[in-house]
Amino acid sequence: MVAVDNSGRIGIGASQPSRLVHVEGPGTTNSTLPGVRIKCTAAGGEDFSLVAGDLGFGLLDEGNGSYPLLVKGSGEAGAGNVGVGTTQPTQKLDVAGSIAVNGVLAIKSDGGAAKAYYS
């Protein structure tokens, strides 16, 4: 179902859109989650979707079903945590893999002044 309200808001699966583009659905698997898919059809082109589901909100790699980026939703353990390369972030930023920093990395333990600098 597609709906357009008097304000020009478009609802896909939503009869009363609350945003300029509102996508809604009951999906429970990667292939049925509500989202927006962007696919390059050229040889070697990428295929990703922005989806919302039981894991949170994320960037879904349609080619292999992985989530390179995921934000845990408010109803989840670890709400607000961001995972890069993991669907189970246990910290505010949880990276599965190596990190490259081009600049200064400041580490703080209490939100105050930096405890360590690396450059």
Query raised in the report: Any residue at all in the stretch 102-110 that is in a loop (DSSP other than H, G, I, E, B) and either closer than 27 Å to Gly13 by Cα or among the β-branched types (Val, Ile, Thr) (or both)?
Result: yes
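For (1) of a type in the set (Ser, Thr, Tyr); (2) within 30 Å of Arg9 (Cβ to Cβ), each residue gets a yes or a no:
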{"residue": "Thr32", "(1), (2)": "yes, yes"}
{"residue": "Thr41", "(1), (2)": "yes, yes"}
{"residue": "Asp54", "(1), (2)": "no, yes"}
{"residue": "Gly65", "(1), (2)": "no, no"}
{"residue": "Thr90", "(1), (2)": "yes, no"}
{"residue": "Gly97", "(1), (2)": "no, no"}
{"residue": "Tyr118", "(1), (2)": "yes, no"}
**Report entry** Index of the failed condition, Ser49 passing every other in (1) within 13 Å of the chain's Cα centre (by Cα); (2) assigned by TED's automatic domain parsing to the domain that holds Val4
**Finding:** (2)
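Residue-by-condition table, conditions (1) within 22 Å of Thr29 (Cβ to Cβ); (2) of a type outside the set (S, T, N, Q); (3) in contact (Cβ under 8 Å) with a residue 60 or more places away in the chain:
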site: Thr41; (1), (2), (3): no, no, no
site: Gly73; (1), (2), (3): yes, yes, no
site: Thr86; (1), (2), (3): yes, no, no
site: Asp94; (1), (2), (3): no, yes, no
site: Gly103; (1), (2), (3): no, yes, no
site: Asp110; (1), (2), (3): no, yes, no
Query raised in the report: Of all residues in the stretch 1-24, how many are surrounded by fewer than 16 Cβ atoms within 10 Å (Cβ to Cβ), out of contact with any Asp or Glu (no Cβ under 8 Å at 6 or more places or on another chain) and in a loop (DSSP other than H, G, I, E, B)?
Result: 9
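The values are calculated or read from the model by the stated rules, or taken from the named source; none is laboratory data. Being a predicted model, the structure only gives us computed values, none of them experimental. Positions of Cβ are backbone-derived with ideal geometry, glycine not excepted, and every protein chain shown enters the neighbour counts.
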